[in-house]
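Below you'll find the structure, written out as structure tokens, and then a few comments.
The values are calculated or read from the model by the stated rules, or taken from the named source; none is laboratory data. Since the model is a prediction, treat every value here as computed from it, not as a measurement. Note that each Cβ is placed from the backbone with ideal geometry, even for glycine, and that neighbours are counted across all protein chains shown. In case anyone asks, the SASA skips ligands and DNA or RNA and just uses the protein heavy atoms, side chains included. Shrake-Rupley method; radii C 1.70, N 1.55, O 1.52, S 1.80 Å.
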Amino acid sequence: MTPTPLARTRLAKVLGAVLCVCAVWSGQAAYGGVDFERLLASLTQRWGAGVTTRFSAWQSLVVNNKAVGDADRLKRTNDFFNRQITFGDDMAVWGQEDYWATPLETLGKGAGDCEDFVIAKYFTLKEMGIESSKLRLIYVRAKTGSSDSAALQAHMVLAYYAKPEAEPMVLDNLIGDIRPASRRPDLVPVFSFNSEGIFTGVSGKDATPAAGTGRLSRWEDLLKRARAEGFE
């Protein structure tokens, strides 16, 4: 099908924006395991040039915080996504009942559910230099009220372990500050996982995963899609 003049004009603007930004970033596209130039090309091809501002802010977050301590990396990453991304369930955002978005997709949409917040924070902290062994994506049951009889709903949070025996710090899109697990009695953990595998519990002492990531098909699929976009 031949594109209309309007479509050709929009395409030219998108390509122009990509070339402009890539020229500015020439020679410094890749930091660590992520290829920013490749990610930007994927982003603008799918969502247009209008989302490059959010992407640029995310790139600055990653690049400018590689040398700071873990506590600052956690806070700045948590604040960034909690402020930049609007919460929306998968049906509203993706038209599906349960979709796990890559960090690039979340940046492109500017919206996501709890899994998307956690996934984006996990990848970002890894790119800043935090080892995956210190990070766990944790499925929890979250209380919807303050009473003991309050209903529980499925939720996901990100946990950081300074040391295997340390109490995990919890990053959550529902609460702005990062709190130790003991200060989150509203959360009942179910199991945890990261790019190394799935863990039956949430203790950082469980150095060996109970199962490979293939047991969690949505996570395995997401890792493949993220690598295709430019993540490592």
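The condition of being open to solvent by 10 Å² or more (accessible area, probe 1.4 Å), without any contact (Cβ under 8 Å) to a residue 24 or more places away in the chain and assigned to a loop (DSSP other than H, G, I, E, B) holds for only one of Ala67, Ala71, that being Ala67.
Meeting the requirement of 3 or more residues that are touching a residue at least 40 places away in the same chain (Cβ under 8 Å), within 22 Å of the chain's Cα centre (by Cα) and more than 22 Å from Gln84 (Cβ to Cβ), the strands (runs of 3 or more DSSP E) wholly within the range 137-197 are 187-194. Only one of the numbered conditions (1) within 15 Å of Phe55 (Cβ to Cβ); (2) buried (at least 20 other Cβ atoms within 10 Å of the Cβ); (3) of a type in the set (S, T, N, Q) is not met by Gln84, and that is (2). Applying the set (1) assigned to a loop (DSSP other than H, G, I, E, B); (2) closer than 30 Å to Gln45 by Cα to Phe123 leaves exactly one unmet item: (1).
Of all residues in the range 179-232, those being modelled with pLDDT under 90 and in contact with a Lys or Arg (Cβ under 6 Å, 6 or more places away or on another chain) number 2. Scan the range 121-138 and tell me whether some residue there is of a type outside the set (Gly, Ala, Ser), more than 19 Å from Asp70 (Cα to Cα) and open to solvent by 20 Å² or more (accessible area, probe 1.4 Å). So far as the range 121-138 goes, no, none of its residues is of a type outside the set (Gly, Ala, Ser), more than 19 Å from Asp70 (Cα to Cα) and open to solvent by 20 Å² or more (accessible area, probe 1.4 Å).
For the range 91-130, a residue qualifies if it is over 15 Å from the mean Cα position of the chain (by Cα) and of a type outside the set (Gly, Ala, Ser), and the qualifying residues are Met91, Val93, Trp94, Gln96, Glu97, Asp98. When Asn78 is tested against the conditions (1) at pLDDT 95 or above; (2) surrounded by fewer than 15 Cβ atoms within 10 Å (Cβ to Cβ), the lone failure is (2). Picking from residues in the range 47-62 that are more than 16 Å from the chain's Cα centre (by Cα) and loosely packed, with under 15 Cβ neighbours inside 10 Å, the one that is modelled with the highest pLDDT is Thr53.
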